[in-house]
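K.L.:
I'd like to ask some things about the structure below.
Every number in this text was worked out from the coordinates using simple rules, so none of it is lab data. For clarity, every value in this text was computed on a predicted model and none was experimentally measured. Backbone-built Cβ (ideal geometry, glycine too); neighbour counts: all protein chains shown.
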Amino acid sequence: MAVNASNLSANPSNWILHFSRQRLSLDVEIKTGKKQMISHIMLGTNDLEKSAKFYDAFLGEMGASRAMENERFVAWSFGKDTAMFIVIKPHNGEAATGGNGTMVALNGTDTATVAKLYAKAIELGATDEGAPGDRTGNFHGAYFRDFDGNKINLFCYV
């Protein structure tokens, strides 16, 4: 990775480091004083149009909108410099499958929002994996699977 020193501030806390190689992208932004661990989450799909329609409606309920797309993927975010949620046709051309033990957890902010988002997912055709409720300690969560078997958790701390 080549870094042009003239593009960097003298203060390392203002640096934005970028590394990319084909499908891998890592953006670490330190200027806000908070590290962002996740650049994007990518889930495979066998039907991009159906998956995009589902996530347009579901992620739209959270305030996200489409950020990027092409014939292989669609990405949503909350705006510039925020993490993205991506559905993609597998690069190798084989069928997409939900990973055994893989789950994406999305912050529902509060119990009412968790319930609302869970209901929206089920209304859109998701499969129930656990209705909203208190789990352990102060963790409140709900679980569903999308059309491709990807497990999604909606949660908040109470």
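K.L.:
Please report how far the C-alpha centroid of the range 78-99 lies from that of the range 49-67, rounded to the nearest whole angstrom.
P.N.:
Going from one Cα centre to the other spans 13 Å.
K.L.:
On a 24 Å Cα-Cα criterion, which of the cross-link pairs Lys80/Lys116; Lys120/Lys151; Lys50/Lys80; Lys80/Lys151 come out too long?
P.N.:
Lys80/Lys116; Lys50/Lys80; Lys80/Lys151
K.L.:
Out of the chymotrypsin sites (Phe, Trp or Tyr not before Pro) in the range 123-158, which ones are loop residues according to DSSP with at most 14 other C-beta atoms within 10 Å?
P.N.:
Details: sites: Phe139, Tyr143, Phe144, Phe147, Phe155, Tyr157; in loops: Phe147.
Answer by residue number: there is no such site.
K.L.:
Taking neighbour Cβ counts within 10 Å as the exposure measure, how do Thr45, Thr102, Thr113 sort from fewest upward?
P.N.:
Lowest to highest Cβ neighbour count: Thr102, Thr113, Thr45.
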